[in-house]
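A short worksheet on the structure shown next.
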Amino acid sequence: MRHFLHEVRLSVGSIHALFLALVVAGAVSRGTAQVGTGETVIQKATEQFENSPLKTTSLGNGLFSFSGDGGNVTAIVDDGTTLLIDSGVDSRTPELSDAIFKATQRAITRVINTHWHFDHTGGNTFFGSEGVTIIAQENVKTRLSGVQNVPFIGMHDGPHPPQALPTVTYSNSMTLRQGLQRLTLLYYGPAHTDGDTTIFIVPANIVVVGDIFSNPFYPIIDLASGGSIDGMIHALDLILAQTDERTKIVPGHGPVATRRDLQDYRDMLAQVRQRITGLIAAGKTMDETVASVPTKDFDARWGSGYVPSDVFTQMVFSSLTNSTSASR
């Protein structure tokens, strides 16, 4: 029966994925930042999510990470159930569900969303339809309930059906238990979006940070959803203050990282912010700032993802100037 349900969900998910792809393609405007030969950031990311193999990694202590089909998904197992952090992209949810069951041998009963983006909430409809409790910061429910446009990166999404929406929300903090692990959910204010949740897992000493950290890639700063470069750095400073050298960091994308990796990422963001702040103070326009390549010495390490350095520079510039170009 479980596999029959997966086949049904797959056909529905595939139709929704096709519809979303068409909507996203149609939402691209002339003012939208482009990647490669006419691709938006989201189009390039979606291609990656649809075609990358799904990889399962054991984190120890009954925790697993699943990567490849969108944002990283973390599973925490107790004696009878599995709790997930994020749910990947919708078109690959049956594959993800099978991989989770194979690794954990436990039914999924709760899902936490780190933020509202489609590559972290795409499985919500699938899991919500089967009675799974969905948990998120309260702004995530607001975002998923309406139409969201992020023209800077070519994303248009929503509204989502009721079964995809969080049924349990919190404002600033929340504590959950999953077997021997205590999960502390914290909201540090707008960072990557206005609804980012960071999850500290103790005693496993693991922190799941969502897209506040992409490893090793330039991030999306979702200005249309209240994100900002200042908020990103503020959140990273608070996360770093609560971790140690043994902490495993699960980023929104990319391999599990160390505290040193997270510190390097934070320092890169701070240095790029400082450089662009100086260019703005000197009266440089966005185009002139991009042409100066303020990320030049970071591109080799951080520029290989689906956010190219020029788009990242534009996002930081717009964040610092509150430029309306982010929402054109």
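The values are calculated or read from the model by the stated rules, or taken from the named source; none is laboratory data. Remember, predicted model here, so these are calculated numbers, not experimental data. FYI the Cβ positions are ideal-geometry reconstructions off the backbone, even for glycines, and counts take in every protein chain you see. Just the protein is used for accessible areas: all its heavy atoms, side chains included, with ligands, DNA and RNA removed. Shrake-Rupley method; radii C 1.70, N 1.55, O 1.52, S 1.80 Å.
A few comments on the model shown:
- When region 182-192 is limited to residues that are of a type outside the set (F, W, Y) and open to solvent by 10 Å² or more (accessible area, probe 1.4 Å), the one that is farthest from A136 (Cα to Cα) turns out to be R182.
- Criterion (free of Cβ contacts under 8 Å to residues at least 12 places away in the same chain, out of contact with any Gly (no Cβ under 8 Å at 6 or more places or on another chain) and not in a loop (DSSP other than H, G, I, E, B)) met by exactly one of R177, R182: R177
- Among the candidates T324, T295, T285, residue that is modelled with pLDDT under 95 and among the β-branched types (V, I, T): T324
- Where I85 falls short, out of the listed (1) more than 24 Å from K44 (Cβ to Cβ); (2) over 13 Å from the mean Cα position of the chain (by Cα): (2)
Every residue, every condition in (1) of a type in the set (A, V, I, L, M); (2) farther than 17 Å from S91 by Cα, yes or no:
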| position | (1), (2) |
| --- | --- |
| V111 | yes, yes |
| H115 | no, yes |
| H120 | no, no |
| G128 | no, no |
| T133 | no, yes |
| A136 | yes, yes |
| K141 | no, yes |
| S145 | no, yes |
| N149 | no, yes |
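- If the condition is being within 25 Å of the chain's Cα centre (by Cα) and under 15 Å from D230 (Cβ atoms), then region 275-301 contributes only I276.
- The one condition in (1) at pLDDT 95 or above; (2) farther than 25 Å from L238 by Cβ; (3) not small (G, A, S) that F152 fails to fulfil: (1)
- Output for region 47-59, where each listed residue is in contact (Cβ under 8 Å) with a residue 60 or more places away in the chain, open to solvent by 10 Å² or more (accessible area, probe 1.4 Å) and either of a type in the set (G, A, S) or under 27 Å from L165 (Cβ atoms) (or both): Q48
- Among the residues of region 147-174, those that are out of contact with any Gly (no Cβ under 6 Å at 6 or more places or on another chain) and of a type in the set (A, V, I, L, M) comprise V150, I153, M155, L165, V168, M174.
- Verdict on P53 being at pLDDT 90 or above and in contact with a His (Cβ under 7 Å, 6 or more places away or on another chain): no
- The test for being of a type in the set (A, V, I, L, M, F, W, C), touching a Lys or Arg at 6+ places or on another chain (Cβ under 9 Å) and at pLDDT 95 or above holds for A204.
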